[in-house]
Amino acid sequence: MSIANLKFEKFKMTAIKFIFKSSVSIPQKLNHFKFILYEAKLFYMAEVEGIDGRTIAEHKEKLDKVSKEISKLIVGQKDVINGLFLGLLSNGHVLVEGVPGIAKTLLIRTLAKATGCDFKRIQFTVDLLPTDITGITAYHKDKGFYVVKGPIFTNFILADEINRAPPKTQSALLEAMGERQVTIGKETFQLPNPFFVMATQNPIESAGTYPLPEAQIDRFLLKLYMGYPSSEEEMKILKQNINLYKFEDFGIKAVITPQDIIKMQEDVKKIYVNPKVEKYCVNIVDATRNPKKYDIKLGKYIELGSSPRASIGLYIVSKANALLHGKNFVIPDFVKEIAHPVLRHRIILNYEGVAEGIKTDDIIKEILEKVPVP
């Protein structure tokens, strides 16, 4: 009998003993047993076809250390921090929308420090040129022509207020995000690995901005909303804000390395997804294109549903979410948890929906309620 088979049998017997010793009713015991047996089967398949649970546990332990380091400086914002982890583990990029002054810059800087990665910030303005991001070919009478690399050549990039720059400049960054390489003059350069972009948008100002076209915004794997802290969190912020101390005073240490991140990204791809869960991902995206098929009432406000890139996003990000939960397999709940940030920027509302003030999050919520769960 293989090690995976032995683990499965041991897990099953332990579950049976635990359930039938409990004081709940017989129907509840049967439901608990079915659920645990389902998880045990997924665990078995993951051990055979995917990656072992011990490796996933080691990765989760490292990410917990990163979270602990971040919490030395960042108060709250757990959902946003998890969103950045998901984007990083999935080898994608994240668009964050939030009002000024809620520590967006500080968050990505702290994450870079805790992971041992290099970090640069680019403030997008109306006069920013593509070469200000990628770099230029310069000439010196002694050297001749030589390349001066731009700030894009780093591990973590904060593209601050990306919608303030004209489309030509925006596309320079988005091309680098997609191709993971930059051409300067006649030479092409590979970007560092890992390479992670967190772009921000200010939702309250529209004067002097250039909204990202849908085709470009679709390149971001996730769109996160960063809101205000609670009153209790804001009390803590008063005592440990960056205006009272230097960044270095908080003692943020690199608890993992860029190589650890690369290994996690590789192992996320190996996490097991049952074919039924794969079909669930496809059905969720299909509901954005054919809402009547699933009786989605808010579907009348959809002008254009999500592309196959959304299905791919649900598939890979649910795997990353499984790692954050310490599992080597994906269950439907892991898909539900990440559906909003994956889909909210990939559903285009019609004029009626915009006029009615409909939010794509409301549509996604109804889709998750109506699409059958395997």
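Any read-out appearing in this document is the output of simple, stated calculations on the displayed coordinates, not a laboratory observation. Small disclaimer: the values here were computed from a predicted structure and weren't measured. Cβ sites come from the backbone with ideal geometry, for glycine too, and all protein chains shown count toward neighbours.
Values for this structure:
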| quantity | calculated |
| --- | --- |
| Share of pairwise Cα separations in region 78-258, more than 21 Å, in percent | 53 percent |
| Region 166-271 - charge dipole about Cα centre, Lys and Arg +1 at Cβ, Asp and Glu -1, debye rounded to 20 | 220 debye |
| Ascending count of other beta-carbon atoms within 10 Å, so fewest first, for MET177, MET235 | MET235, MET177 |
| Bins of 10 Å from zero: percent of alpha-carbon pairs in region 140-185 | 20, 48, 21, 10, 0 |
| Listed pairs LYS279/LYS319; LYS104/LYS239; LYS149/LYS246; LYS279/LYS300 exceeding 26 Å between Cα atoms | LYS149/LYS246 |
| Rg [Å, one decimal], Dmax [Å, integer] - region 271-374, C-alpha atoms | 13.5, 44 |
| Exposure proxy order (Cβ contacts within 10 Å, fewest to most) of LYS293, LYS120 | LYS293, LYS120 |
| Extended-chain gain in nm, criterion 0.36 nm per residue less alpha-carbon gap, ILE262 and VAL126 | 45.5 nm |
| Globularity index of region 116-207, i.e. its alpha-carbon radius of gyration over 2.2 N^0.38 Å | 1.15 |
| Whole-angstrom gap from region 258-276 to region 325-374, using each part's C-alpha centre | 23 Å |
| Kirkwood hydrodynamic radius of region 174-313, Cα pairs, Å | 20.3 Å |
| Size of electric dipole in region 271-374: Cβ of Lys, Arg +1 and of Asp, Glu -1, about Cα centre, debye, nearest 20 | 280 debye |
| Charge dipole of region 271-374 about the Cα centre (unit charges at C-beta), most positive-ward option of ALA320, VAL330, TYR272 | TYR272 |
| Separation in nanometres of the label points that stand 7 Å from Cα toward Cβ, at ALA254 and VAL147 | 2.3 nm |
| Label-point gap, in nm, between ALA355 and ASP333 - each point 7 angstrom along Cα→Cβ | 4.3 nm |
